[in-house]
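The structure under discussion appears below in the form of structure tokens.
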Amino acid sequence: TTHFEGMPGRNCTQATEFSLVGFTEDPSTQVTLFLMFLLTYLVTILGNLGMITLIRASPLLHSPMYYFLGNLAFVNFCTSTIITPRILVGVLLGKKGMAYAGCTAQVFTSGLFLVTECFLLAVMAYDRYVAICHPLLYPLVMSPERCSRLVAGSYLLGLANAVGQTIGMSSLFFCSSSTIDLFFCDISLLISLSTSDTTLSLVILRTASLLSVPSLLVVLVSYIAIISTILSISSAEGKCKAFSTCAAHLTTVSTFYGALIFMYLIPRSDTSRGGDKWAAVLYTVVTPVLNPFIYSLRNQEVKKAWRRLRKIK
């Protein structure tokens, strides 16, 4: 990451465009990357839209768990759509430039869906906790009204983060030759590129990072209680059945939070950020394409709903 010295307007002009660094300059590798990202994007779109359609169309899947899963699929669809097409354009056409307005829009949308997904995953962990640890209370605790409030709260927290990051970016000044060493506009790298006072932006970024901590704690506490309950089940069949209901979610949480912790919560210098690009690929590209398969391949209810829907057609 390059840092430009000087006060705004003295040694450089305000940037109207940023340059996004791709993955490689090697032509043969670029073709491979383009095909890989294109296939991943198409599968992501089909998988997540298919999951949303199946959940809405099948009465078997009209339960809190699948209501949350449908919203997660929507967030994954949006995350992939605001990131991957830009990667494809950069790899295929070698177009590295992104207008300031486009970069601001990407900061807003990525900030919105990143935090929303954090809290949706926490809500889903809480749902599994109630289902496994307090099954008799489940219909009362996870009522349709409460489920709607939990999902709405996740989106509102994501929106608050997005607005905050956008305000933080608007307070920054960038030299016209600013280069972002990533494939999308990330607020943490934009702060390091700024030649103006970054106090407000850093406060907002750290607040956003702290926003993910309560969601991670909910996940951890929920799974400690879930594992404790599963271990107390006497029959091996009961243990397997209980674990299978949360194995998919645990896989998603591990991948998503692992990448985020590496990207945003582990302190390091600008010269040791080489793995950031691939950590970002993990939560912006890999997780959205894996989720529909993780939740469908191991889930008998989803398979049954799909078979029933095919028979009707």
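Of THR284, THR179, THR16, the residue with the greatest mean-square motion in the GNM of the chain, using alpha carbon springs below 10 Å, is THR16. Note on LEU39: accessible area is roughly 110 Å² with a 1.4 Å probe, heavy atoms of protein only. For the chain, the 222 nm mean residue ellipticity estimated from helices alone, with every DSSP H stretch of n ≥ 4 adding -39500 (n - 2.57) and the total spread over all residues, rounds to -24500 deg cm²/dmol.
Gain on full extension, evaluated as 0.36 nm per residue between LEU231 and ARG308 minus their Cα-Cα distance, stands at 24.3 nm. Take the Cβ atoms of LEU88 and GLU145, set R0 to 45 Å, and the FRET efficiency comes out at 0.60.
The modelled label-to-label distance between HIS134 and LEU217, using points 7 Å beyond Cα along the C-beta direction, is 1.9 nm. When each full DSSP H helix of the chain is screened for a Cα extent of at least 20 Å along its own axis and an average Kyte-Doolittle hydropathy of at least 1.6, the helices passing are 199-232. At the residue level, ASP197 shows approximately 110 square angstrom of accessible surface with a 1.4 angstrom probe and all protein chains present.
If the segment from ALA160 to THR179 were pulled out straight at 0.36 nm per residue, it would be longer than the present Cα-Cα gap by 4.1 nm. Is there a quick way to get the dipole size of region 17-304? I mean about its Cα centre, with the Cβ of Lys and Arg at +1 and of Asp and Glu at -1; what is the value in debye to the nearest 20? With Lys and Arg at +1 and Asp and Glu at -1, about 660 debye.
Of MET169, MET65, the residue with the largest accessible area leads and the full order is MET65, MET169 (1.4 Å probe). For the chain, lysine pairs separated by 8 or more sequence positions, or belonging to different chains, with Cα-Cα distances below 27 Å total 9.
Solvent exposure of the chain amounts to 49 Å² per residue of accessible area, where only protein heavy atoms count and the probe is 1.4 Å. Surface composition of region 1-158: carbon and sulfur make up 69 percent of the accessible area, probe 1.4 Å.
Along the chain, the exposed loop sites are GluC sites (Glu not before Pro) outside DSSP states H, G, I, E and B with at most 15 other Cβ atoms within 10 Å, and the longest stretch free of them is 26-313.
When LYS277, LYS303 are compared by accessible area at a 1.4 angstrom probe, the order from most to least is LYS303, LYS277.
The values are calculated or read from the model by the stated rules, or taken from the named source; none is laboratory data. All of these numbers come straight from a predicted model, not from anything done at the bench. Backbone-built Cβ (ideal geometry, glycine too); neighbour counts: all protein chains shown. SASA here: full protein model, heavy atoms, side chains in, ligands and nucleic acids out. Shrake-Rupley method; radii C 1.70, N 1.55, O 1.52, S 1.80 Å.
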